[in-house]
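Inspection log for the structure reproduced underneath, given as structure tokens.
The values are calculated or read from the model by the stated rules, or taken from the named source; none is laboratory data. Remember, it's a predicted structure, so these values are computed and weren't measured experimentally. Using ideal geometry, Cβ is built from the backbone for each residue, glycine included, and neighbour counts are taken over all protein chains shown.
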């Protein structure tokens with residue numbers, strides 16, 4: 001498990017998926033979700049993490 005900024009846990013598999021996806025996305029969406037987070041997952045709150053997860057998985061499913 002990984003920990004978000006607000007000290008809540010998220011599954012490591014989701015965390016690493018988003019790390020990979022952010023790199024493919026050139027970190028654009030994470031800056032839209034949390035402009036003050038510097039593009040870092042550990043600076044997202046739990047809710048922002050899952051907001052980014054929803055965006056990433058929807059975009060990925062559309063691209064297949």
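Tell me whether the stretch 49-59 contains one or more residues that are surrounded by 13 or more Cβ atoms within 10 Å (Cβ to Cβ), without any contact (Cβ under 8 Å) to a residue 60 or more places away in the chain and more than 11 Å from the chain's Cα centre (by Cα). Among the residues of the stretch 49-59, at least one is surrounded by 13 or more Cβ atoms within 10 Å (Cβ to Cβ), without any contact (Cβ under 8 Å) to a residue 60 or more places away in the chain and more than 11 Å from the chain's Cα centre (by Cα), which makes the answer yes.
Residues of the stretch 37-60 that are touching a helix residue (DSSP H, G or I) at 6+ places or on another chain (Cβ under 8 Å), assigned to a helix (DSSP H, G or I) and closer than 16 Å to residue 6 by Cα: 37, 41, 43, 48, 49, 51, 52. Counting residues in the stretch 38-48 that are over 11 Å from the mean Cα position of the chain (by Cα) and at pLDDT below 95 gives one or more.
With under 23 Å from residue 61 (Cβ atoms) and surrounded by fewer than 15 Cβ atoms within 10 Å (Cβ to Cβ) as the only criterion, which of 25, 20, 36 stands out? Spell out how you get there, then give the answer.
Numbers: 25 fails: surrounded by fewer than 15 Cβ atoms within 10 Å (Cβ to Cβ); 36 fails: under 23 Å from residue 61 (Cβ atoms).
Result: 20 is the single residue among 25, 20, 36 that is under 23 Å from residue 61 (Cβ atoms) and surrounded by fewer than 15 Cβ atoms within 10 Å (Cβ to Cβ).
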